[in-house]
Amino acid sequence: MPHIAKICVYPIKSLDGMEVRQAKVLQSGALEHDRQFAIFDEQGKFVNAKRYAKIHLLRSRFDLENNIVTLKIQGNKTENRFDIKSETSHLETWFGEFFGFTVKLKENLITGFPDDTVSPGPTIVSTATLKEVASWYSDLKENDVRRRMRTTIEIDGVPAFWEDKLFSESSNVIDFKIGNLRFLGVNPCQRCIVPTRNAVTAEVLSEFQKIFVNKRRETLPEWVNKSRFNHYYKLTVNTQLAKQETGNKIIKVGDEISIF
């Protein structure tokens, strides 16, 4: 049976993620702690990996229970520990010195700060898909692709691209369950510049997108609704919590996934 193999949340948008054994699904459909915080510049725009490749050089660890983040710069042994709630101004100063301009750290406990604000539910990919994509490149391993795609739920017990069953025509959604919680599969996720970069060094793999597009086209399962692919730089699935669900329920590693 398809089942959850990994759950990963990203407490500060664009920084390192952390694996958890279980996660609360908020009423918005977002996973608790996922993109709960985000860094903004003085114009109110995201300071994220799409705009600033330098952010890949930040290493982060989180103690979610105590709201602690430990930061260091790649290649530097010095670690800096902050209480995100009570030492926000110190944390903003540290980030500002790293980026070279003033920043603000903001929090959203309802939806977090997802890229897709219409479908803020968990993003889904299969372990087999990550392995398949890694095989397209001579220098990438499964975990390299995992870190580039930054998905929240990874499923196993299925072949590559099984998650493409979770979307249909643009006017339809796919009902599915994770454990006993109902979700709607909405659309394949359009990728941005971020996956073209090494998630640790920020080094760009110049042919990444070209290779990806060609191989994604070649390997697209016959049963996939091709109307959702105006281009082939798409991977993983965006979701919503079904309207009849109230949220604040737990999903956990090992939960089975079933399509209605």
Options G185, G247, G254; residue that is within 27 Å of S28 (Cβ to Cβ), under 16 Å from the mean Cα position of the chain (by Cα) and in contact (Cβ under 8 Å) with a residue 12 or more places away in the chain: G185
Of residues in the range 112-167 being in contact with a Leu (Cβ under 6 Å, 6 or more places away or on another chain), outside any loop (DSSP other than H, G, I, E, B) and open to solvent by less than 20 Å² (accessible area, probe 1.4 Å), the one farthest from T196 (Cα to Cα): A134
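Rundown of residues vs (1) open to solvent by 40 Å² or more (accessible area, probe 1.4 Å); (2) assigned by the TED database to the domain that holds A49; (3) at pLDDT below 95; (4) closer than 29 Å to L57 by Cα, yes/no style:
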| position | (1), (2), (3), (4) |
| --- | --- |
| I178 | no, no, no, no |
| L181 | no, no, no, no |
| P188 | no, no, no, yes |
| T196 | no, no, no, yes |
| T201 | yes, no, no, yes |
| L205 | yes, no, no, yes |
| Q209 | yes, no, no, yes |
Qualifying residue in the range 35-48 (condition: surrounded by 15 or more Cβ atoms within 10 Å (Cβ to Cβ) and without any contact (Cβ under 8 Å) to a residue 40 or more places away in the chain): yes
Within the range 222-254, tally of residues that are open to solvent by 20 Å² or more (accessible area, probe 1.4 Å) and not in a strand (DSSP E or B): 16
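The values are calculated or read from the model by the stated rules, or taken from the named source; none is laboratory data. Note that the coordinates shown come from a computational prediction; the quantities given were computed from them, not determined experimentally. Counting neighbours? That spans all protein chains shown, and the Cβs are built from the backbone with ideal geometry, glycine included. These accessible areas exclude ligands, DNA and RNA; they are computed on the full protein's heavy atoms, side chains included. Shrake-Rupley method; radii C 1.70, N 1.55, O 1.52, S 1.80 Å.
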